[in-house]
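Inspection log for the structure reproduced underneath, given as structure tokens.
The values are calculated or read from the model by the stated rules, or taken from the named source; none is laboratory data. Values in this document were obtained by computation on a predicted structure and should not be read as measured data. Here Cβ is always computed from backbone atoms with ideal geometry, including for glycine, and neighbour counts include all displayed protein chains. Accessible surface areas use protein heavy atoms only, side chains included; no ligands, DNA or RNA. Shrake-Rupley method; radii C 1.70, N 1.55, O 1.52, S 1.80 Å.
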Amino acid sequence: MIHRQINLHLVSDSTGETLNSIARATLARFDDHHVIHHRWSLVRSRLQLDRVLEGMEHEPGPVLYTLVDSSLRLALEEHCGRLGLPCFSPLDPVMDLLQSAIGARAKERRAAQHVMDADYFRRIDAMHYVLSHDDGQGTLGIRNADVVLVGVSRSSKTPTCFYLANRGIKAANVPIVPGAALPDALENPPCPVVGLHIEVNALIDIRRHRLKIIGAGGVRQDAMDYIDPEAVKAEIVAARRLCTARGWPVIDVTRRSIEETAATVLQLMEAWHARRKDAIAPPPPEDPAAEVLGTRGRGS
């Protein structure tokens, strides 16, 4: 097989996050092909677009774009046509589908997903919450959490919490440390608690790398226990048993990405709230007809 090198131009009038995500998701399915990304963000004027077009002429390749301004879109498409470059707006089919379903045309609004609205400020608030409730900090604030993640040290609790914060979720995380008691707030938690499990060898590799970074490997006894296979295995087993005893669901993060772990956490949160809703739902009203029939039966 001949492995090709191509240029891929991502042209956006906003931050370009949408195109980056699309490119990352699709290119992951191609092995051993070298793709050079040319990211052109905040393209909002003809002068800025001209720089993009000049770059395409020097390093030609397929073009993905998200441009709201119709004149800029037309200029880009015409230029790509002259150069013989494939050019595609991946959001157009989705937009056409939604316009048809909703029965109204979408507004020409740049970076609509980045507007500083209530959702934006909720995400910022969630990020501040994660920072102040990371690794067992601020345990009294757990009563304001949307979810609490628990697990042994280096089981990806913190990065998962930050990912959830970007979705507007206030996520606290509490380490399960041998011999240390959990916060009192977890005795009767006001929100879902989810355990993160990781296999022994994977955890040892992560911890060994961590010790190498901080320069503590093999120096102190606690550092030795931190990566000792038997000690690590006992720590993981104890954490798993604790979650089982408390009825907390557990996610095996050994071969999961942060995104996959966060998606599973969100599913577990939905299930938790559904159970709570069912538990506190009032009983259905009695059927008046049945009550009348019952009265008649007693009177007969």
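Arrange the residues Asp228, Asp32 by how much accessible surface each exposes, largest first, with a 1.4 angstrom probe. Intermediate values should be presented prior to the final figure.
Numbers: Asp228 60, Asp32 115 Å².
Ranking Asp228, Asp32 by accessible area, largest first, yields Asp32, Asp228.
Rounding to the nearest 10 and keeping the result within 0 to 90°, find how far the Cα-based axis of helix 288-299 lies from the longest principal axis of the chain. Its long axis makes an angle of about 20 degrees. Comparing mean-square fluctuations of Pro62, Pro249, Pro282 from a GNM of the chain with C-alpha springs under 10 Å, the top value falls on Pro282. Just checking my list (i) 84, 81, 41; (ii) 52, 45, 39; (iii) 56, 47, 36 against Cα extents along the principal axes in Å computed from this structure; which label fits? Label of the calculated value: (i).
Residues in region 189-276 average 59 Å² of solvent-accessible surface per residue, probe 1.4 Å, ligands and nucleic acids excluded.
Applying a threshold of 28 Å to the alpha-carbon distances of Lys170/Lys233; Lys212/Lys233; Lys233/Lys277 flags Lys170/Lys233; Lys233/Lys277 as lying beyond it. Nearest 0.05, what FRET efficiency do Asp184 and Asp135 give at R0 = 22 Å with Cβ-Cβ as r? Working from the Cβ atoms, E equals 0.80.
If you wrap a convex hull around the Cα atoms of region 14-130, how much volume per residue is inside, in Å³?
Values: hull volume 19.1 nm³, N = 117.
Per residue, the Cα convex hull of region 14-130 comes to 164 Å³.
Per-residue ellipticity at 222 nm computed for the chain from its helices equals -16000 deg cm²/dmol, with DSSP H segments shorter than 4 residues left out and the rest contributing -39,500 (n - 2.57). Comparing Asn166, Asn20, Asn201 in a Gaussian network model of the chain (Cα springs below 10 Å), the most mobile by mean-square fluctuation is Asn20.
With angles folded into 0 to 90 degrees, how steeply does helix 17-27 sit against the dominant principal axis of the chain? Use alpha carbons for both and round to 10. The angle comes out near 90 degrees.
With the simple model of a label 7 Å out from the Cα in the direction of the Cβ, Val35 to Arg246 spans 4.1 nm. So how tilted is helix 92-102 from the main axis of the chain? Cα-based, degrees 0 to 90, rounded to 10. The answer is roughly 60 degrees.
At 1.4 Å probe size, with every protein chain present, just tell me what the per residue accessible area of region 125-168 comes to in Å². Before the final figure, lay out each step's value.
On the way: 1940 Å² over 44 residues.
On a per-residue basis, 44 Å².
In this structure region 1-68 gives 62 Å² per residue of accessible area when probed at 1.4 Å with all protein chains present. Taken about its Cα centre, the chain carries a charge dipole of roughly 320 debye when the Cβ of each Lys and Arg holds +1 and the Cβ of each Asp and Glu holds -1. Ranking of Met56, Met95 by solvent-accessible surface, largest first: Met95, Met56 (1.4 Å probe, protein heavy atoms only, all chains present). Protein heavy-atom surface of the chain, 1.4 angstrom probe: 54% of the accessible area is carbon and sulfur, with nucleic acids and ligands not counted.
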